[in-house]
Amino acid sequence: MAWAGPAGAQKTELLVYTALETDQIKAYEEAFYKAVPDVTIKWVRDSTGIITAKILAEKANPQADLVVGTFASSIAVFANEGLLQGYAPKGLEKLAPQYVDPKRPPEWVGMDISGAAVCFNTVEAAKQGLPKPESWKDLTKPVYKGKIVMPNPASSGTGFFDVAGWMQMWGEADAWKYMDALHENIAIYTHSGSQPCTRVGQGEFPIGISFEYRAITTKKSGAPIDIIFPSEGLGWDLEASGIMKATKKVEAARKLMDWLATPEAMALFAKNFAVVALPGVAKPLEFLPADFEKRLIKNDFAWEAKNRDRILAEWTKRYDAKSAPKK
């Protein structure tokens, strides 16, 4: 045969920056390759804060083709910097409008919601005589001094949605007062949103501020934890994706964006998250309250993007002394 068939066809490789959890990527990638066999993905994976800093540091010479599964509060920063291009994926009109960039065409499109959760090691707490907290305010009680781990919001999207959530619930002045009191009880600020739950699950600390996906997987692994959804409301963010303006591989990038908006992709996200951008797909998740979506605070991504640098600079000045050393 004189011509090469599809097997010999050149595949387009996309460089994708992501904050997706490592244990989620494989299933997503396999399903995408089945649907779109002529595109391959090279992933660069880190916590949201690290991915955000990397994209901003490369602003003059962007490397990535897309950013996928990174929080909308960061993706809105990239949009403000003019780093993204608009694209309306197929099926866009079926997605919930509050989980899509309001611009037309949108510069980012949502996948799923990640919300705050607190992991509580019942065995360690019993040993140490600690009561079970029910609210954010409970975590400031002196009985928890040195017992709590939380993600650093400059490195972790989970940490940032906690801080931004408290500010939007209570106003900035009261949120800083709250964080001053909470800081007294913090043992360490980790650089990932997963670590607090993981370490609490291992019995290193009794209480960890984390997010619902990692809380559920830690509990399912058999760790002796209760998952607490603080009564005042839950900070959250939206895992979202967008195409970098500088990419030379627009056609392949659009194929990935199209796939991310399909019911098939959303069904995969729904295995990990209770709220996805396509209505009617999500199913109740074990260990998660049925009214989880109602407990999420009112979130303003544009406000978060605009104030992110200022909030993080102030947070770092006040609290960074307790951060874990960076790897």
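The values are calculated or read from the model by the stated rules, or taken from the named source; none is laboratory data. Just so it is clear, the structure is predicted and the values come from calculations on it, not from any experiment. Every residue, glycine among them, receives a Cβ derived from its backbone with ideal geometry; neighbour counts consider all protein chains shown. Keep in mind that these areas ignore ligands, DNA and RNA; they rest on the heavy atoms of the full protein, side chains included. Shrake-Rupley method; radii C 1.70, N 1.55, O 1.52, S 1.80 Å.
Restricting attention to region 1-23 and to residues that are modelled with pLDDT under 95 and open to solvent by less than 60 Å² (accessible area, probe 1.4 Å), the residue that is nearest to Ala240 (Cα to Cα) turns out to be Glu21.
Condition check for Tyr144 on (1) among the aromatic types (Phe, Trp, Tyr); (2) in contact with a Leu (Cβ under 8 Å, 6 or more places away or on another chain); (3) under 24 Å from Thr70 (Cβ atoms): one failure, at (3). The single condition among (1) surrounded by fewer than 19 Cβ atoms within 10 Å (Cβ to Cβ); (2) over 18 Å from the mean Cα position of the chain (by Cα); (3) not hydroxyl-bearing (Ser, Thr, Tyr) that Ile225 does not meet is (1).
Condition first: among the charged types (D, E, K, R) and more than 17 Å from the chain's Cα centre (by Cα). Now tell me which residues in region 296-311 satisfy that.
Lys306, Asp309, Arg310
Quick check: is even one residue across region 185-204 touching an Asp or Glu at 6+ places or on another chain (Cβ under 6 Å) and modelled with pLDDT of 95 or more? Yes: one or more hits. Residue count for region 218-250 under the criterion of being more than 15 Å from Leu84 (Cα to Cα) and touching a residue at least 60 places away in the same chain (Cβ under 8 Å): the result is 20. Just one of the listed residues (Leu278, Leu285) is open to solvent by less than 60 Å² (accessible area, probe 1.4 Å), touching a Pro at 6+ places or on another chain (Cβ under 7 Å) and assigned to a loop (DSSP other than H, G, I, E, B), namely Leu278.
With a requirement of 3 or more residues that are surrounded by fewer than 21 Cβ atoms within 10 Å (Cβ to Cβ), the strands (runs of 3 or more DSSP E) lying completely within region 28-131 that satisfy it span 39-45.
In the set Phe269, Phe273, only one residue is buried (at least 23 other Cβ atoms within 10 Å of the Cβ), part of a loop (DSSP other than H, G, I, E, B) and either aromatic (Phe, Trp, Tyr) or at pLDDT 95 or above (or both); that residue is Phe273.
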